[in-house]
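**Student:** Before I ask anything, here is the structure I am working with.
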Amino acid sequence: MLCLALIGCEGIDCTLNNVVLCHYSFYGSQSGSLVTLTDTLTVTAAGTDSVLYNKGAGITGVDLPMSYFADVDTLVFTLSGDGYGTRSTIRVEKTNVEHYESPDCPTTMFHYLTGVSFASTVMDSVVIRRAEVNYLQDENIRVYFHTDGD
């Protein structure tokens, strides 16, 4: 009986890691090198009460989910430290593409980044590094912070 169960499941090839996240990496604007945030970072979806990432510190990047059907995601990055806080907004334009692997597997949504803009006093620039957001854990967006004596 156990043999039949194993054989029956053998035909389904669903990806075990089927989570699609956009990876943001943090860089210093002057050095161009990866930096570690010493302030506390919280990321929310603009216009909602959805917290996508909460109170991270000592990080060099963050993985964030993307909306399934909206053509634009607007994120609010809040950096806070001893007695201060600053808010920055990143607007990510994208195309959403449904991804099917098999009729037995759940549908996932891949994304293709088409543009990015930002409003910030602590960020120098935000650029797309890899436009395709899928199962791979690659760096998709680089955020350059004013650092290194900027």
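The values are calculated or read from the model by the stated rules, or taken from the named source; none is laboratory data. These numbers were taken from a predicted model, which means no experiment stands behind them. Reconstructed Cβ throughout: ideal geometry from the backbone, glycine too, with neighbour counts over all protein chains shown. Accessible surface areas use protein heavy atoms only, side chains included; no ligands, DNA or RNA. Shrake-Rupley method; radii C 1.70, N 1.55, O 1.52, S 1.80 Å.
**Student:** It is to be established whether one or more residues within segment 70-80 are under 12 Å from the mean Cα position of the chain (by Cα), within 22 Å of Met109 (Cα to Cα) and modelled with pLDDT under 95.
**Tutor:** no
**Student:** Moving on to the next point. I need the full set of residues from segment 132-143 which are over 14 Å from Asp63 (Cβ atoms) and open to solvent by less than 40 Å² (accessible area, probe 1.4 Å), in order please.
**Tutor:** None; the set is empty.
**Student:** What is the residue count in segment 43-67 for residues that are of a type in the set (Gly, Ala, Ser) and within 13 Å of the chain's Cα centre (by Cα)? Spell out how you get there, then give the answer.
**Tutor:** So the first thing to find is which residues in segment 43-67 are of a type in the set (Gly, Ala, Ser), and the list is 45-47, 50, 56-58, 61, 67.
In the following step, the residues that additionally are within 13 Å of the chain's Cα centre (by Cα) were identified as 45, 61, 67.
Number satisfying all stated conditions: 3.
**Student:** When you scan segment 96-127, how many residues do you find that are touching a strand residue (DSSP E or B) at 6+ places or on another chain (Cβ under 9 Å) and over 23 Å from Tyr27 (Cβ atoms)? Working first, answer last.
**Tutor:** Going residue by residue through segment 96-127, those that are touching a strand residue (DSSP E or B) at 6+ places or on another chain (Cβ under 9 Å) are 96-101, 107-127.
Next, only the ones that are over 23 Å from Tyr27 (Cβ atoms) stay: 96-101, 107-110.
Here the count works out to 10.
**Student:** Next up: For segment 87-133, enumerate the residues that are more than 19 Å from Asp71 (Cβ to Cβ), over 16 Å from the mean Cα position of the chain (by Cα) and charged (D, E, K, R).
**Tutor:** Passing the criteria: Arg87, Glu101, Asp104, Asp124.
**Student:** For Thr114, state whether it is assigned to a strand (DSSP E or B), more than 30 Å from Asp39 (Cα to Cα) and touching an Asp or Glu at 6+ places or on another chain (Cβ under 8 Å).
**Tutor:** Values: assigned to a strand (DSSP E or B): yes; more than 30 Å from Asp39 (Cα to Cα): no; touching an Asp or Glu at 6+ places or on another chain (Cβ under 8 Å): yes.
No, not satisfied.
**Student:** State the number of residues belonging to segment 100-131 that are open to solvent by less than 50 Å² (accessible area, probe 1.4 Å) and of a type outside the set (Ser, Thr, Tyr).
**Tutor:** Of the residues in that region, 11 qualify.
**Student:** Related question: If we only count strands (runs of 3 or more DSSP E) wholly inside segment 17-95, which ones have 2 or more residues that are among the hydroxyl-bearing types (Ser, Thr, Tyr), in contact with a strand residue (DSSP E or B) (Cβ under 8 Å, 6 or more places away or on another chain) and open to solvent by 20 Å² or more (accessible area, probe 1.4 Å)? So that I can check it myself, show each step before the final result.
**Tutor:** Details: elements: 22-28, 40-45, 51-56, 61-64, 72-81.
Ranges flagged: 40-45, 72-81.
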